[in-house]
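Input: a single structure, listed below in structure tokens.
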Amino acid sequence: MKADPSGVLTGMHFLDGDHAACEGALAAGCRFVAGYPITPSTEVVERFASRIPMVGGVFIQMEDEIASSIAVLGGAWGGKKVMTVTSGPGLSLMMEHIGLAAITETPVVIVDVQRGGPSTGLPTLPAQADMMQVKWGSHGDYEIIALSPASPQECFDLMIRAFNLAETWRVPVFFMMDEVIGHMTERVDIPPADRIDVVERRWTTKKPGEYRPYAAGPDGVPDMVKAGDGHRIHITGLTHDERGYPAMNPAAQDKLVRRLTDKIRKNREALADIREDGVEDADVVVVSFGITSRVAAAAVDSARAAGLKVGHMRLVVVWPFPEHRIAQMAPRVKAFVVPELNLGQIALEVERAAAGRARTVRIGHAGGTVHEPEQILAGIREAAG
Amino acid sequence: MSQNLAIAADEREYPVENPVIPYLRQERIPHIWCPGCGIGTTVNCFARALTESKRDLDQVAIVSGIGCTGRVAGYLNLDSFHTTHGRAIPFATGLKLSNPKLKVVVYSGDGDLFAIGGNHFVHAARRNMDLTVICVNNFTYGMTGGQLAPTTPIGASQTTMPYGNFENPFNLPFLADACGAVYVARWTVFHVKQLTRAMHEAISKPGFTFVEVLAPCPTLYSRRNKLGDGVDQVKYYKERSVVKHGAATKEVALGFQGDIVVGKFVDRERETWLDGMNAHFEKVLGPRYRRYGE
Ligand SMILES: Cc1ncc(C[n+]2csc(CCOP(=O)(O)OP(=O)(O)O)c2C)c(N)n1
Ligand code: SF4
Ligand SMILES: [Mg+2]
């Protein structure tokens, strides 16, 4: 399906990442946003609040992030494509509803414009330290998808993908920006609506009485309805059977939780989006994501100029983690170098996937600014050493 | 039709099916509630209120939080959502704003709505969000075993207030009134007719409408406080209730086994959030505004 033109601001723009992300959501068909202001994410909802009256939809500023994170789930079951937007402290408040979205398979996009933590940390300065929180933050076993844009243009383009993935897989999709990407202004091209592909909700074709809300298709994902369609659905955060009714027993738990995790884990390779540069004959491969990949690219160029055989993998989709690709490369590279604006989160995944067949060199950074290319270069030299 | 409605042969010419049955998800019965629990009575009244309202039931959604009362959503044959503890109101807010044709009813316990969920209640009432909130007030946390609730009267014992409660409870109608609810009523499960009428009025009136229902929790609250069984508690409601329509809500606070002022306290007009949004944007944005929700 093509995008609804009323939400698409076709043309060449000069936008920061927060504004571009908002335009991406509007182009993707997002028509309900509930949010609560927090630096450095606020501009996303501010733009949505000013744009949506002319597009046709609703913005509501809720009383806190607990409320906004569940208001959007209500919005999804009312039939709209939905998004909420936050940063670290707000993300921490949203955790219970990430679990609710996962178990009820409610499509939702959650934007996290990362800042330094823990706690109030560095409100106006960047970090990439929520990567593990979005993967593991809510209790229980579940899976999510996380994308990591590296420019305002990608904030627009990948946001459309984020909505399409949420609708396709019915999982929470995290849009992992950071303060620098959010506030950096660059050229953003927005294509005409008829050149933007959007995924419609998986509306059931079944009639009331035949439809079972949690009977999944071959891809592990059930079709959806909305409240008011006459299906008289029951949706619960309790473990449930295919009818959606509570089923408090180990067999039902096993069936449901395995399906919720398998629908993503078994599609890890299809979901992966890795931008690779010169990895084929590399001795050392730099693995990066988001803003750090731009600094890493400069370090890789310098290392190559110094005669080192260095490749670069930029993870556009960070979760599910593309462990298959790391595992393929591990036997033939000396080391992976993982720069990130945290003290070692995605590096742990690289290490796990490499499983001792290649070293992992962590280039941690506590946040507040981006790396110096020299820090990453030093890591590459050490790894090549 | 359920088996416990077996009837004598000579009665078969009369319509004997319990009128509430079409409102229940029959395949989910038996329910989890204890014998003598008051929640079932409130559901009965709610089903009758739906009948009286003559609403298209496909356009009525029910949202509950977590607790014994939170299980109501799962037994009603409506689009029904059993959400997280305390968050039924913000879920309902999103549902209503996303699909404004729906009548959205929040049905939950006193702990759920006024302890963990208190902030959401306050703000939804302030906004005059078009929701009906029905609170089953049993003065306790039933589901978790009888702990202190924000409604527990001073002097009542609870597992986490083992020497008797010393902290001040909420006066729920006063709170709802102060926050801007357009309809506020209180009844008990003894007053089934009045409760049914209040529920009917609440779901028929646009805006944030609130009904508090006192209901016994014989298993935890009554037993711990040596108040007898469910019937004894209903007798107490009968003996000590005083009907005062239009009573000033600040006068209707409840004391331990004291008088219970019941009635319709507030019934006023205010623009709902969505009507306010449409009117405001139309005024300030003119023809550029795309009117929402019609
Ligand atoms: C976040 C969270 N905290 C605590 C609980 C445990 N819990 C479940 S129900 C409940 C209290 C319910 O009390 P009330 O709303 O009055 O409902 P009742 O059981 O009395 O009908 C609590 C504390 C929970 N489910 N979730
Ligand atoms: S514990 Fe109390 S509130 Fe819960 S079902 Fe039993 S009687 Fe009702
Ligand atoms: Mg209670």
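The values are calculated or read from the model by the stated rules, or taken from the named source; none is laboratory data. Fair warning: this is a prediction, and the values are worked out from it, not measured in the lab. Reconstructed Cβ throughout: ideal geometry from the backbone, glycine too, with neighbour counts over all protein chains shown.
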Which one of the conditions (1) within 16 Å of ligand 2 (Cβ to nearest atom); (2) away from chain A (no Cβ under 11 Å); (3) touching a Gly at 6+ places or on another chain (Cβ under 6 Å) does B:A125 fail to meet, given that it meets all the rest? (1)
I'm checking my understanding of the structure. Among residues of the range B:130-139 that are more than 14 Å from B:V189 (Cβ to Cβ) and in a loop (DSSP other than H, G, I, E, B), which one is farthest from ligand 3 (Cβ to nearest atom)? B:D130
Could you list all residues from the range B:143-179 that are away from chain A (no Cβ under 14 Å), under 24 Å from B:G246 (Cα atoms) and either within 15 Å of ligand 2 (Cβ to nearest atom) or not polar (S, T, N, Q) (or both)? B:T151, B:P153, B:P169, B:F170, B:L172, B:P173, B:F174, B:L175, B:A176, B:D177, B:A178
Selection from the range B:58-72 of residues facing chain A (nearest Cβ under 7 Å) and among the aliphatic types (A, V, I, L, M) yields B:A61
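Suppose the filter is outside any helix (DSSP H, G or I), outside the structural domain of A:A129 (by TED's automatic domain parsing), at pLDDT 95 or above and within 15 Å of A:P373 (Cα to Cα); does A:V287 pass it?
yes
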Could you check A:T236 against (1) more than 14 Å from chain B (Cβ to nearest Cβ); (2) over 28 Å from A:S148 (Cα atoms); (3) polar (S, T, N, Q) and say which number it fails? (1)
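Residue by residue, here is whether (1) exposed (fewer than 15 other Cβ atoms within 10 Å of the Cβ); (2) without any contact (Cβ under 8 Å) to a residue 24 or more places away in the chain holds:
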residue	(1), (2)
A:E269	yes, no
A:D283	no, no
A:G307	yes, yes
A:E323	no, no
A:V337	no, no
A:R352	yes, no
A:Q375	no, no
Can you run down the residue pairs with Cβ atoms below 7 Å, 6 or more apart or on separate chains, where the first is in the range A:74-97 and more than 29 Å from A:H231 (Cα to Cα) and the partner is crowded, with 24+ Cβ neighbours inside 10 Å and basic (K, R)? A:S87/A:R115; A:G88/A:R115
Expected single match for more than 15 Å from B:L97 (Cβ to Cβ) and either within 10 Å of chain B (Cβ to nearest Cβ) or in a helix (DSSP H, G or I) (or both) among A:I70, A:I103 is A:I103
Out of B:G142, B:G146, B:G111, I need the residue that is touching a His at 6+ places or on another chain (Cβ under 9 Å), farther than 22 Å from B:G94 by Cβ and within 10 Å of ligand 3 (Cβ to nearest atom). Which one? B:G111
Quick check on the range A:40-67: of everything there that is more than 10 Å from chain B (Cβ to nearest Cβ) and of a type in the set (A, V, I, L, M, F, W, C), which residue is surrounded by the most Cβ atoms within 10 Å (Cβ to Cβ)? A:V44
Can you find a residue in the range A:268-282 that is outside the structural domain of A:V350 (by TED's automatic domain parsing) and either aromatic (F, W, Y) or at pLDDT below 95 (or both)? no
Give the range B:77-110 a look and list any residue that's in a strand (DSSP E or B) and more than 9 Å from chain A (Cβ to nearest Cβ), or say none. B:K103, B:V105, B:V106, B:Y107, B:S108, B:G109
